[in-house]
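For reference, the structure discussed in these notes is given below.
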Amino acid sequence: MPFFSTLSLVALALAVVFGVVVNRRHRRDSLPRPPGPKGLPVIGNLFDIPKTNSWLTYEEWARTYGDIMSVEVFGQVIVILQSPKAVRDLLEKRGTIYSDRPSLPFFEMAQWGWFLPTSRFDDQWRACRRLLDRSLRPSATVQYRPTIRAKTVKCLQRMLTQPNDYRAHIEQLQSAINMSVAYGYDVKENDDPFVETGREFVRMIQETALPGALLVNDLPFLRNLPDWFPGTGFKQLAKLSRKLGEEVVAGPLGFVKDAMANGTAQPSLALDDLRECTSEKGERDISLALGSLHAAGSDSMVAVLTSFLLILVLFPSVQEKAQAELDAVTGGTRLPEFADRPALPYVDALCKEVLRWRMISPLAFPHSATEDDVYEGYLIPKGSYILANSWSLLHDPATYPEPHAFKPERFLSPDGHVIDDPGLNAAFGFGKRICPGRHLVDSKLFIAVALVLSTFTVGKAKDAKGNEIPVPGTFSGPLVSQPDAFACSIVPRSQAAVELISAPVE
Ligand code: HEM
């Protein structure tokens with residue numbers, strides 16, 4: 001009897017547990033997915049999602065479907081989050097489930113898993129992310145401010161002589177800062193091999209990640225076809241891409257190791273990290289983390305600084321107000337410094353508004369769910385892509401009245417102090433994948449804005465007949481949204497400004 005009753009109890013317990021699990025599973029499976037527009041068979045919502053400015057369409061849809069919606073394309077579920085609460089609840093509070101990235105077959109073939117923005121949520125990502133978070137925390141980036149300022153002044157010198165090439169100068173500036181901070185490496189004026197390789201790598205990522213760019217990303221079984229099979233050119237491309245990635249990672253670190261051996265290494269993140277490193281695995285992590293920094297850190301900053309110039313063309317009164325504040329602090333007799341920042345609240349607020357107004361990553365980067373999850377009664381299946389609509393968050397009229405107006409004043413208190421707005425972090429993404437470069441951006445952006453405004457006036461360019469050339473003021477771009485090409489005039493404010501810019505910089 002006791003034996004029988006023990007067996008019965010075990011059986012009963014198993015039945016209950018099994019029943020609960022099955023029941024839960026059943027309940028889960030019968031839960032609806034977040035609502036969204038009804039799609040067509042097989043292709044789903046392929047034709048509902050616009051190729052450009054999709055964040056505006058999602059904002060529109062949210063009026064019908066609410067703060068959490070979903071669409072499907074060829075069976076891939078895409079969940080779109082529209083409110084700060086949904087973003088906080090999922091990407092931040094449940095970060096262990098929602099911090100993966102979508103896996104693209106071509107990226108796997110090219111072995112690009114090391115590149116942080118696209119890497120899976122795995123131990124390699126954790127090791128590199130730890131290194132970057134430590135190296136790029138606010139207290140650590142302060143030591144790079146003199147370098148950032150000196151390189152920015154050099155950029156102004158180039159603007160002075162060739163103002164029409166402003167975009168090339170901004171690109172050069174970002175490469176110069178990143179390579180100096182990461183590796184203590186001084187980039188060449190033209191055709192620098194490390195810079196060229198980094199740019200080529202980012203271009204490859206952008207081109208091959210685009211939906212429809214490579215069939216193998218939509219039909220992964222194609223990767224198993226033999227190399228001689230017609231239409232498998234992507235295999236050769238993957239081999240070349242893998243080599244390119246390796247060059248991004250190994251080239252500049254090799255430079256630092258040589259410089260360390262020769263005793264010529266300059267202060268840099270690589271130098272700090274390598275000095276502490278005791279293992280081969282540790283050295284590999286450093287090379288991957290810094291390779292990610294140098295490849296990921298340029299394009300977005302170029303987009304932000306070109307938007308800044310566009311803003312000066314479009315809103316002359318903003319420019320005048322910021323220049324008046326700067327003149328009151330420097331007297332026009334010296335260039336601004338980082339230490340002036342507390343006395344420049346309008347300039348500081350302007351930087352925040354530049355990040356918000358026409359943000360360059362309106363949908364952050366896609367996250368991906370590693371488990372089935374239930375939220376507000378909806379099932380979010382494992383493998384769903386999660387898009388957080390940062391654009392909606394930063395253009396919500398309840399938080400940012402007149403959201404489409406460019407108004408630095410929204411970040412100033414009535415007594416003129418800068419308002420610290422944690423919501424603005426949405427410009428840098430969310431949760432565990434939030435941009436690790438955001439504190440460096442804060443320094444780079446402030447000093448570039450202060451230096452440009454104190455020395456130049458930016459306005460509409462004129463054609464040969466003296467007529468103003470219209471500025472489109474539009475933005476586009478596959479992964480990073482940036483201003484479409486525009487002509488502008490960049491003119492020194494005075495002879496004193498010319499002399500200040502031209503003085504030698506350390
Ligand atoms: C204004 C300039 C920048 C903006 C607006 C920006 C924005 C972003 C966004 C939206 C993400 C994705 C976050 C997410 O998935 O939720 C990201 C990721 C990343 N950013 Fe930035 N970024 C900027 C500059 C930089 C700079 C200067 C660096 C390097 C120093 C950098 C390095 C990275 C890296 C490595 C990642 C990948 C992080 C990960 O997936 O764990 N970014 N950034």
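Please treat every number below as a calculation from the coordinates, not as lab data. As the structure is a computational prediction, the values presented were derived from the model and not from experiment. Here the Cβ positions follow ideal geometry from the backbone for every residue, glycine too, while neighbour counts run over all protein chains shown.
Work from the charge dipole of the chain (Cβ charges, +1 for Lys and Arg, -1 for Asp and Glu, about the Cα centre) and give the residue of S384, L156, G437 farthest towards its positive end. The one lying farthest along the dipole's positive direction is S384.
With the simple model of a label 7 Å out from the Cα in the direction of the Cβ, S30 to T399 spans 3.7 nm. Basic side chains Lys and Arg get +1 at the Cβ, acidic Asp and Glu get -1 at the Cβ, and with that the dipole of the chain about its Cα centre reaches some 740 debye.
Every pair of different Cα atoms in the chain enters the Kirkwood calculation, which places the hydrodynamic radius at 25.2 Å.
Each Cα pair under 8 Å and six or more residues apart adds its sequence gap; the mean of these over the residue count of the chain is a relative contact order of 22 percent. List the aspartates and glutamates whose Cα sits under 15 Å from the Cα of K151, skipping any in the same chain fewer than 8 residues away. The reachable aspartates and glutamates, counting only those whose Cα sits under 15 Å from K151, are E171, D186, E189, E337, E506.
Using just its DSSP H runs of length 4 or more, each adding -39500 (n - 2.57), the chain gives a mean residue ellipticity at 222 nm of -16000 deg cm²/dmol after division by all residues. Using 0.36 nm per residue and subtracting the Cα-Cα separation, the extra length available between K465 and D186 on full extension is 96.2 nm. Loop-located GluC sites (Glu not before Pro) in the stretch 167-208 (DSSP state other than H, G, I, E, B) with a sparse environment of at most 13 neighbouring Cβ atoms within 10 Å: E189.
Converting phi to 3J(HN,Hα) with the Karplus coefficients 6.51, -1.76 and 1.60 and the offset θ = phi - 60°, the stretch 359-374 yields 4, 8, 10, x, 10, 6, 10, x, 9, 9, 8, 8, 9, 4, 9, 10 Hz in sequence order, with x at every glycine or proline. Once the Cα-Cα distance is subtracted from the 0.36 nm per residue extended length, the S476 to N224 segment shows a gain of 87.2 nm. Straight-line cross-link partners of K257 among the lysines, defined as a Cα under 23 Å from its Cα and at least 8 positions apart when in the same chain: K188, K243, K281. Computed extension length for T333-V374: 8.7 nm, one decimal, from 0.36 nm per residue of separation with the Cα-Cα distance subtracted.
Along the stretch 435-443 the Karplus relation, 6.51 cos²θ - 1.76 cosθ + 1.60 evaluated at θ = phi - 60°, assigns HN-Hα couplings of 4, x, x, 5, 6, 5, 4, 4, 6 Hz to successive residues, with x for each Gly and Pro.
Rounded to the nearest 10 degrees, the angle from helix 166-183 to the longest Cα principal axis of the chain is 70 degrees.
By other beta-carbon atoms within 10 Å, ranking D372, D165, D348 with the fewest at the front produces D165, D372, D348.
Cβ crowding within 10 Å, taken as a proxy for footprinting-reagent exposure, orders F338, F201 from fewest neighbours to most as F338, F201. Once you order the gyration tensor axes a ≥ b ≥ c over the Cα atoms, which shape class does the stretch 353-494 get: rounded for a/c under 1.5, otherwise prolate or oblate by comparing a/b with b/c? In terms of gyration-tensor shape, prolate.
Fewest-first ordering of M260, M109 by other beta carbons within 10 Å of each residue's beta carbon gives M260, M109.
Close amide H pairs (under 5 Å, H built 1.01 Å from N) link I380 with D373, V374, Y375, residues at least 5 positions away or on another chain.
In this rough spin-label picture, where each label sits 7 Å from Cα along the Cβ direction, the A343-L240 distance is 5.5 nm. Every Cα-Cα pair in the stretch 203-349 was counted, and those over 23 Å apart are 64% of them.
Under 5 Å between amide hydrogens, built in the peptide plane, is the criterion, and for T457 it picks out V491, R493 among residues at least 5 positions away or on other chains. Pairing the Cα long axis of helix 280-296 with the longest principal axis of the chain, what angle in degrees results, from 0 to 90 and rounded to the nearest 10? Taking the Cα atoms of the chain, the angle to 280-296 is about 60 degrees. Computed about its Cα centre, the charge dipole of the stretch 201-272 is approximately 180 debye, with only Lys, Arg, Asp and Glu carrying charge at their Cβ. For the chain, the longest principal axis of the C-alpha atoms and the axis of helix 193-209 are separated by about 40°.
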